[in-house]
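All remarks here apply to the structure that follows.
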Amino acid sequence: MIRERYNLEILRKTFVPRAEWTDFPPAANRAAWKGFSEGRLNAIRRARAIALGEAALAGPWLALPASLYMQFGSNGNRSNYEDVYFTRRQRLAELVLAECYEYKGRFIDEIINGIWAVCEETTWIIPAHSIKGPNGLLPSIDLANQSVDLFATQTAQFLGLIYRLLGPELDRVSPVVCERLIQQVETQVLLPVESRDDFWWLSGRNNWTPWCTSNCLGAAMFIWDDVNRLAAFADRMNVACDRFIAGYAPDGGCDEGPTYWGVAAGALLIQLELLYSRSNGAVSVYDEPLIRNMGTFLTTAHLDGPWFTNFSDAPAASSPRRAVVYCYGKRVDAPEMMDLALLGMRNWDPEGEVDPPLAVSGGEALFAALTELNWIPADAAPLNLSRPLTRYLPDLQVAVLRQSSVPGQGLVAAIKGSHNDASHNHNDVGHFTVMLDGQPGIIDLGTEEYTRQTFSDRRYDLWCIRGNGHNAPLFDGIEQLAGRQYEACDTRFSTDGLVDTFATDMARAYPETAGLKHVRRTLTLDRSTGTIIVSDKVERAVPTVDFEVRLYAHPAVEQIAPGVLAFATSPRRLLMQYDANLFQVVITPIAIQDARLLQVWGDTLYRVSLKAAIPETVAYQMIFSIE
């Protein structure tokens, strides 16, 4: 798509010289940085940035010893190394931002220390992604065959942005600092990517492609003066991005889930915006319907407040990339995307304060802050727009259905069909979630902290990823399996404005040993009765079986009458009716200890098990309503 419209020759003609590029103004452009300080919000941002920079002046730089790197190979822990790795970059970003605002030179020496520390790292590739040496613990130092991962490219972009912002100021102390910076950016990332075709992420398979290409393109744009070289490199990155775009169906659905959208379509936005701004708007594919649909997927997946329909490895609650979502919405004329970004900035309170006032966190801390300053007007305020009652993505087979278009009111249901071979896959064909008044009731657990096991052949031993961590039925304990052949079939959707109906057959998502002919699940939202009805019809080729449906819930659950459960949403409770003559119900509190799940759910979840011995054919319903 990109390269068909903008070949190498067009890029050479349209790219402006680095000195004439207006995005990400250098610190020496005091008029621009004065603009970033004007107005109430920007004044708060400036004060916060300088305070963070002052705090970052104190103390030594955390070490990244080989023993930390080796932990991933020895015990599977990836967090201990990554925590220090990203903390170093966070601190450096805070120092740089403070200096750009204040511009008095008092942060420069510590900035140099930070640059020196990052440049001294043997590799910028995190342990989970690296090609290891002979013992499998430390990274290979064979530069000719080194890998380049997404965090190496992110570091290259980060250092390149520092060079764009403060290059002359660093040179006045010593030109060696920027020489060292450029040397490492080129050696560790740009030269290998410029000259080799063996990086798997060039294939366009998943979010790694736009995440890596946009980082690489940003790094090159920030440090290279040769427009011809830059154009050739951009053309190379565009080829990879075209492969990524080609993997998307017309509805633009992201099978990696809404959180990974930020580094999938969201990273593609960064690639497109770099091309757009460096060409003064001459290079643009924002008018392509597929590009628009890839963006608006995020608003389709958004349920209410911080909550998203979180299939794959996505957490249920997240904060979208503020500047990326806003800019995407602006470019493709999607006001709901811009509103989503502005609401997220205010912790989902339309009248609330922007909190934090400026996004300065994580591995992309500096880039996030600069894009927020450049891409979102400081006086932009959310409108808290009404939501479409019905959203259906026919290619991804995901539906989001609302009782009310008013945010935070009424029942909301989400359900997916598709297959069990998505990127960051969970075995979740037919899984559904239910919310009431902006609060989760029936949930998708999400994923625990990543470890070596998460992306190993033991991935589907993990409780929240495997089939029995979702709410499709279990047959004698047999659950859904992973693989493209384990899929939904005969998926249908219909609506007449009052009644929305999603139906799919889950039988093929199970192995043959389950003996299934059909497992037909139908979810209906009826606005006239204020109910969500989940109807399952099971046909098997074998006789009676021990049968179970596992529902996971965030609020406390109690049985208030035979065949009626109440979920403690507030102020109105979510009710669920079931056939008490068919099912025995077991409610089990689950203590949560994993840090990632704790952040979303707190320390306790509830599993509601509907158990029965069923014949060859059975039909039943779960009816959700408001107390």
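The values are calculated or read from the model by the stated rules, or taken from the named source; none is laboratory data. The model shown is predicted, which means the values in this text are computed figures rather than measured ones. Cβ coordinates were reconstructed from backbone atoms using ideal geometry, including for glycine residues, and neighbour counts include every protein chain displayed. Areas reflect the complete protein model, heavy atoms only, side chains present, ligands, DNA and RNA absent. Shrake-Rupley method; radii C 1.70, N 1.55, O 1.52, S 1.80 Å.
Please report the net charge: other residues with Cβ closer than 10 Å to the Cβ of Leu565, K and R +1, D and E -1. Net charge in that neighbourhood comes out at 0. Distance from the alpha carbon centroid of the stretch 295-357 to that of the stretch 209-246 works out to 27 angstrom. Scoring 321-331, 241-251, 122-132, 491-501 by mean Cβ neighbours within 10 Å over their residues and listing the highest first yields 321-331, 122-132, 241-251, 491-501. Under 24 Å of direct C-alpha separation, and excluding same-chain neighbours fewer than eight residues apart, Lys611 reaches these lysines: Lys416, Lys517, Lys537.
Once you reduce the stretch 30-92 and the stretch 574-627 to the center of their Cα atoms, the two points are 42 Å from each other.
Of the GluC sites (Glu not before Pro) found in the stretch 1-79, the ones in coil according to DSSP and having at most 16 other Cβ atoms within 10 Å of their Cβ are Glu38.
Looking at [x] 35, 31, 26; [y] 45, 26, 24; [z] 47, 34, 20, which value of semi-axes √(5λ) of the Cα gyration tensor in Å comes from a calculation on the structure shown? The value matching this structure is [y]. With the simple spin-label model, which puts each label point 7 Å out from Cα in the Cβ direction, the Gln621 to Asn7 separation comes to 6.2 nm.
What does the highest-first list of 111-120, 197-206 look like by mean Cβ count within 10 Å?
111-120, 197-206
Near Thr495, once Lys and Arg are set to +1 and Asp and Glu to -1 for all other residues with Cβ below 12 Å from its Cβ, the sum equals +1.
Per residue, the solvent-accessible area of the stretch 151-214 (1.4 Å probe, heavy atoms of protein chains only, all protein chains present) comes to 33 Å². In order along the stretch 420-425, the Karplus-derived 3J(HN,Hα) couplings, from 6.51 cos²θ - 1.76 cosθ + 1.60 at θ = phi - 60°, round to 9, 9, 6, 5, 6, 5 Hz, and Gly and Pro are given as x.
Here the peptides 283-290, 339-346 are ranked by packing, the mean other Cβ count within 10 Å, and the order with the highest first is 339-346, 283-290.
Taking label positions 7 Å along the Cα-Cβ direction at both Ile141 and Ala19, the computed distance is 4.0 nm, reported to one decimal. Counting only protein heavy atoms and a probe of 1.4 Å, the accessible surface of the chain is 50% carbon and sulfur.
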